[in-house]
Amino acid sequence: MNLNMRARIVAGNWKMNTTPEEGKKLVSEMIPMLSAELTGKVHTILIPPSLHLTGLISLFKNRPMNLSWGAQDCSTHTKGAFTGEISAAMLQSIGVSYILVGHSERRAYHNETSTSCREKILRVLEAGGCPIYCVGETLQEREAGQVTQIIEQQLSEGLPERLWEESLPFVIAYEPVWAIGTGKTATPQQASEVHGLIRQWLKIHSSAQTATTTSILYGGSVKADNATELFNMPDVDGGLIGGASLESRSFVDIVKACAR
Ligand code: PEP
């Protein structure tokens, strides 16, 4: 898919769920429901645990539908003595096109900052991949009226200028922390407001072209029954889906809700 054009995207973040066998079963269930026509309209990305990627990619290659693969994280380093880490180049070499950077669970439990995210984004770009950069405020920050400040800070600290200087592909996911895995979804108006803010920030700090072509996804308790109204908002180009991506029918229904 050409990400120099604004794409409709649905990405399923499986987090630390499923064994490799369960992962194969989940994708096998989705395949008959995902037509080439649908995945031609909605770029569909599966983001399983990294352990599963090699097996899943080889098992499901040569399918008519356009499935892409993503990883949930990568190292800030390129190689060397960093026990437990996986580099962006390693992921790219096995067929992974997208890498999540700065998911709120990584920020909360692994002390990731927007500055370390910037390093990760640079590694993804050097490897030839596409970062999906996650931003979002906590409930406390929202209640303190700090949404704009927090989002703008995450954008300015996390996004390297190289992205627009060299017209490199990237995706942004707005994920309010209070909506992730909680069953509380942002209203379409709340999501739209922040997506508009992100697009305006891009217009001011990068270029009108980058602002127009960058896909901005919403994430936070998206389900089949609330996806349509969220995805119909003008600046919402699709979703980053956690819990509902672990159930084949729900995930495919969400992909369908994104089609235009
Ligand atoms: C996520 O983990 O990115 C996410 C949005 O999770 P959930 O859909 O379960 O809220």
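The values are calculated or read from the model by the stated rules, or taken from the named source; none is laboratory data. Since we're looking at a predicted model, the values are computed, not measured. So basically every Cβ, Gly included, is an ideal-geometry build from the backbone, and we count neighbours across all protein chains shown. To get the accessible areas, we keep the full protein, side chains included, count just its heavy atoms, and leave off ligands, DNA and RNA. Shrake-Rupley method; radii C 1.70, N 1.55, O 1.52, S 1.80 Å.
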Subject >> Relative contact order of the chain, pairs being alpha-carbon contacts under 8 Å that are 6 or more residues apart, as % >> reply: 23 percent
**OP:** Work out how much length residue 58 to residue 203 would gain on full extension: take 0.36 nm times their residue separation and subtract the Cα-Cα distance, in nm to one decimal.
**Re:** 48.3 nm
Original post:
For region 110-118, what does the Karplus curve 6.51 cos²θ - 1.76 cosθ + 1.60, with θ = phi - 60°, yield as ³J(HN,Hα) per residue in whole Hz, taken in order and with x for Gly and Pro?
Top reply: 10, 6, 6, 10, 4, 5, 6, 4, 4
Original post:
Excluding residue 118 itself, what net charge comes from residues whose Cβ is under 11 Å from its Cβ, given Lys and Arg +1 and Asp and Glu -1?
Top reply: -1
Subject >> Additional length obtainable on full extension of the chain from residue 260 to residue 119, 0.36 nm per residue less Cα span >> reply: 47.3 nm
Subject >> Amide proton proximity set for residue 45, modelled H, under 5 Å, gap of 5+ >> reply: 10, 11, 12, 68
Original post:
How high is the relative contact order of region 96-247, in percent, counting Cα pairs under 8 Å that sit 6 or more residues apart?
Top reply: 21 percent
**OP:** Can you send over the solvent-accessible area of residue 197, 1.4 Å probe, protein chains only, in Å² to the nearest 10?
**Re:** 40 Å²
**OP:** Apply 1/(1 + (r/R0)^6) to the Cβ-Cβ distance of residue 138 and residue 225, taking R0 = 35 Å, and write down the FRET efficiency to the nearest 0.05.
**Re:** 0.85
Subject >> Accessible area of region 120-236 belonging to carbon and sulfur atoms, whole % at 1.4 Å probe >> reply: 48 percent
Original post:
222 nm [θ] for the chain, helices only, -39500 (n - 2.57) per DSSP H run of 4+, per residue, to 500?
Top reply: -12500 deg cm²/dmol
**OP:** Could you provide, to the nearest whole Å², the per residue accessible area of the chain with probe 1.4 Å?
**Re:** 44 Å²
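Looking at the P(r) of the chain, how many percent of alpha-carbon pairs lie beyond 31 Å?
The calculated P(r) of the chain puts 17 percent of pairs beyond 31 Å.
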Original post:
Rounded to a whole number, what % of the accessible area of region 48-111 do carbon and sulfur atoms account for, probe 1.4 Å?
Top reply: 53 percent
**OP:** Any chance you could run the full-extension gain for residue 31 through residue 193? It's 0.36 nm times the residue separation minus the Cα-Cα distance, nm to one decimal.
**Re:** 54.9 nm
Subject >> Cα lying deepest toward the dipole's positive end in the chain, options 183, 53, 228, charges on Cβ >> reply: 53
Subject >> region 140-195, Cα convex hull volume normalised per residue, Å³ >> reply: 102 Å³
